[in-house]
Amino acid sequence: MAGADAGPIRITTAGTSPQADLARRQQRYLFWMGLRTICFIGAAAAGVAGIHWLWPLLIVGAVVLPYVAVVMANANDSRDTTLPLTGAGDAQRQLGSRGT
């Protein structure tokens, strides 16, 4: 049987397809940049309404959020494939000590 020596496949640690990964990253980026736009609009509205303590906070949020958007969009899938299967022993074998 071909591929029988490869061992079991761990479906729970399988990565997503590149298209699904790209779509997830785009959604994250659009969410954070949409929040940034809301901060800008909120800062303008707070300034016009005379809420002088709120608009500087919203401006700071609008300045910081592009960094957050890029970092979150570039975050990789955190699934780890180095975990051993339950009951299958250690996936990373080590050499034993040499007897004297």
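Consider the stretch 32-77. How many of its residues are of a type in the set (A, V, I, L, M) and closer than 30 Å to LEU22 by Cβ? Don't jump to the end; show me each part of the working.
Taking the stretch 32-77 as the starting set, the residues that turn out to be of a type in the set (A, V, I, L, M) are 33, 35, 38, 41, 43-46, 48-49, 51, 54, 57-60, 62-65, 68-73, 75.
From what's left, closer than 30 Å to LEU22 by Cβ: 33, 35, 38, 41, 62-65, 68-73, 75.
Counting residues in the stretch 32-77 that are of a type in the set (A, V, I, L, M) and closer than 30 Å to LEU22 by Cβ gives 15.
Looking at the stretch 23-78, which of the residues that are of a type in the set (S, T, N, Q) and either modelled with pLDDT of 90 or more or touching a Gly at 6+ places or on another chain (Cβ under 8 Å) (or both) is least open to solvent (accessible area, probe 1.4 Å)? It would help to see each step written out before you state the result.
Going through the stretch 23-78, the residues of a type in the set (S, T, N, Q) turn out to be 26-27, 37, 74, 76, 78.
Narrowing the set further to residues that are either modelled with pLDDT of 90 or more or touching a Gly at 6+ places or on another chain (Cβ under 8 Å) (or both) leaves 26-27, 37.
Details: GLN26: 101, GLN27: 129, THR37: 72 Å².
Going through the qualifying residues, I end up with THR37.
The values are calculated or read from the model by the stated rules, or taken from the named source; none is laboratory data. All values derive from a computational prediction rather than experimental measurement. Every residue, glycine among them, receives a Cβ derived from its backbone with ideal geometry; neighbour counts consider all protein chains shown. Accessible surface areas use protein heavy atoms only, side chains included; no ligands, DNA or RNA. Shrake-Rupley method; radii C 1.70, N 1.55, O 1.52, S 1.80 Å.
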